[in-house]
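Before any comments, here is the structure.
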Amino acid sequence: MSRKKWWQTAVFYQIYPRSFADGNADGIGDFEGMLEKVDYLKWLGVDAVWLSPHFASPQVDWGYDVSDYYQIAPEYGTMDQFLQFMEELHRRDIRLVLDLVLNHTSDQHPWFLESRSGLDNPKRDWYIWKPPRNDGPPNDWFSTFGGSAWTFDPQTGEYYYHFFFPQQPDLNWRNPEVKQAMFDVARYWLNLGVDGFRLDAVGTIFERDGHPDHATGDHLDAIYRDSRLAKTKAEQRKANRRWQRMFRHQVDMPEVHDLMRELRQVVNEYPEKVLIGETEDVRFYGDGEDELHLNFNFPLMRTDRLTPRWVRLNQRERLSQMPPDAWPCNTLNNHDAGRMMSQFGDGKHDLQIAQVNLALLLTLKGTPFLYNGEEIGMVNHLGLKVEDFRDPLSLHAYRLEVELLGCSPQEAERFAIEYGRDKCRTPVQWANQPNAGFCPADVKPWLPVHPNYAEGINVRDQQEDPGSMLNYYRRLLHLRKNTPALMEGDYQPLDENNRHVFTFLRRTKNQICLVALNMKARPAKTVFPYWLKNLRCVFSTHRKEGQLERAGFLTLQPFEVWIGVVESF
Ligand code: GLC
Ligand code: CA
């Protein structure tokens, strides 16, 4: 019997509801569509779904601006459909985790409408209001999405604070009523039976008391420009450091950890629930038991190429920083970052590289998170036009490109696509038919479909092709499920000076698994200690499974994935 919790052994699959599947033919994904795909998720072999926000929302930031935490966005369906979706998942042993946005609400949320209605309104203090300073904003803080972090409200003559878009006012978490209201929201969904929450932007929940100026004299647009024009990694890092300094009073305040401990207590009222932080800060693990169960290892993704050296260093740092009993959590893409096929490829071997990278994700110690569409090898949609942009961040970048950098409209479009998030949010490609089967032919999808659905990048064609990316995902997911050491084992790097092959062990008391990933485009050898001699191959991209390796080394083909289990030890 496994002693690990379900969220430690599970593979999560992120559904971005607007782009997943359109069931009622209006060009927008919905619960009807999701319901039709439940069997697909089971067939694929994932164990849990993280659903990006499905709450009522004016959809300025596509659901991350919630106007009612107790309602389903009408374009996504009804509460009954939500419950049915959850029930169908549970019936297939798939868990459901919701996306809880704590830092801010929509500016259309009744709490904010009340709060802004008058200085004496009982909800005034639910948000962060301040009088003007010298006829301008209360301090020099920026919104991470551009412009001042303060928006003036003429009705009461004060400014409100927003870390993100002006339509996303920050809640005042120093007010105990806010905390109670949000804990009620969490309990409401837990009572309905959801299995936990992914916590949006947890680092931004508190601001420095007294709101002191960052006083760097720097401007966010200047950081954008310098980072965009950076020629070296060092220049890029310098721009990042400037960003850190500018936002140092706005993120990762110590108070947030008290709040996380309280929220953990709320969740502990229910058995077996999970909290996953959208943060890479290991402090959110608390002592390993008292804050969040999982926090993303985002540093792993922050490279153009996943190399053995990069991964080893990442693992060494990450695992040593974490509290002893805390469990890692790895991902290679999501609805904010670009798609992994586009991010880590070399332009020549993108498919093979993606296969190696998936093997990495599913064999590293920790809970893996997949993002819908990656299993068929969907790529960033770089063919979008300005008229297609739906992410306000893409439009913001477009303006900066034109006004700040003096780019031509074509150039501005190109860079804005890269900077914005629309490129990785286009509809999931289900079949080789108009609109990729996401919605009917005569309906316009909310974001354009990538045309490569017609070249095999779609679910139906790949289901029928045993050599497809989709079937590769499925095989590897099933292998993981049947190999306890891959789900639960310790991590031990081997052959640590090898620049081509990343070799490591995952081991439990009863099983030792050796993983060797050739991350380079040439054949390469990896060697390991003498006692690892009876290795039975359980998975390889290049050779027959079942073969016994006794030599103490392996010579791998370019981009070969090799996984073996020690026969006797
Ligand atoms: C998180 C979400 C992102 C959103 C932001 C503000 O980073 O992943 O999509 O824009 O929070 O809610
Ligand atoms: Ca729809």
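The values are calculated or read from the model by the stated rules, or taken from the named source; none is laboratory data. Quick caveat: nothing in here was measured; it's all calculated off a predicted structure. Here the Cβ positions follow ideal geometry from the backbone for every residue, glycine too, while neighbour counts run over all protein chains shown. Side chains are part of the model used for accessible areas, which takes the heavy atoms of the whole protein and leaves out ligands, DNA and RNA. Shrake-Rupley method; radii C 1.70, N 1.55, O 1.52, S 1.80 Å.
Within the straight-line cut-off of under 28 Å between alpha carbons, the lysines reachable from Lys37 are Lys5, Lys273, Lys423, Lys444, Lys481, sequence neighbours fewer than 8 places apart in one chain being disregarded. Rounded to the nearest 500, the helix-only mean residue ellipticity at 222 nm of the chain stands at -9000 deg cm²/dmol, with each DSSP H run of n ≥ 4 adding -39,500 (n - 2.57). For region 110-161, the solvent-accessible area works out to 46 Å² per residue, with a probe of 1.4 Å and every protein chain left in place.
Looking at region 202-263, the trypsin sites (Lys or Arg not before Pro) that sit in a DSSP loop and have at most 10 other Cβ atoms within 10 Å of their own Cβ are Lys231. Heavy-atom accessible surface of region 475-566, averaged per residue, reaches 44 Å², computed with a 1.4 Å probe.
Distance from a point 7 Å along Cα→Cβ of Lys348 to each backbone N in region 513-547: keep the residues under 14 Å and list them by number. Flagged as within label range: 520-523. On the principal axes of its alpha carbon atoms, region 475-566 extends 32, 27, 21 Å, with the longest extent given first. For the pair region 283-319 and region 1-76, the centres of their Cα atoms are 25 angstrom apart. Annotation for region 368-414: trypsin sites (Lys or Arg not before Pro) lying in DSSP loop with at most 15 further Cβ atoms inside 10 Å of their Cβ are Lys385. Please figure out what share of the DSSP beta bridges in the chain is antiparallel and state it in percent, rounded to the nearest 5. Bridges in the chain are about 60 percent antiparallel. Along its three principal directions, the equivalent ellipsoid of region 367-436 from the Cα gyration tensor extends over semi-axes of 27, 14, 9 Å, largest first. For region 8-118, the spread of Cα coordinates along the three principal axes comes to 54, 36, 21 Å, biggest extent given first. Here the contact order of the chain, divided by its residue count and restricted to Cα pairs under 8 Å and six or more residues apart, works out to 12 percent. Calculated on the Cα set of the chain, radius of gyration then Dmax: 24.1, 78 Å. Exposed loop positions in the chain were taken to be GluC sites (Glu not before Pro) whose DSSP state is not H, G, I, E or B and which have at most 16 other beta-carbon atoms within 10 angstrom. Between these positions, the longest stretch is 1-268. Label-to-label distance, Lys231 versus Arg550, with points set 7 angstrom from Cα along the beta-carbon direction: 5.9 nm.
A convex hull fitted around the alpha carbon atoms of region 110-161 yields 78 Å³ per residue. Projected onto their three principal axes, the Cα atoms of region 164-253 cover extents of 52, 31, 23 Å, largest first. In loop segments of region 488-520 as defined by DSSP, the trypsin sites (Lys or Arg not before Pro) with at most 16 further C-beta atoms inside 10 Å of their C-beta are Arg499, Lys509.
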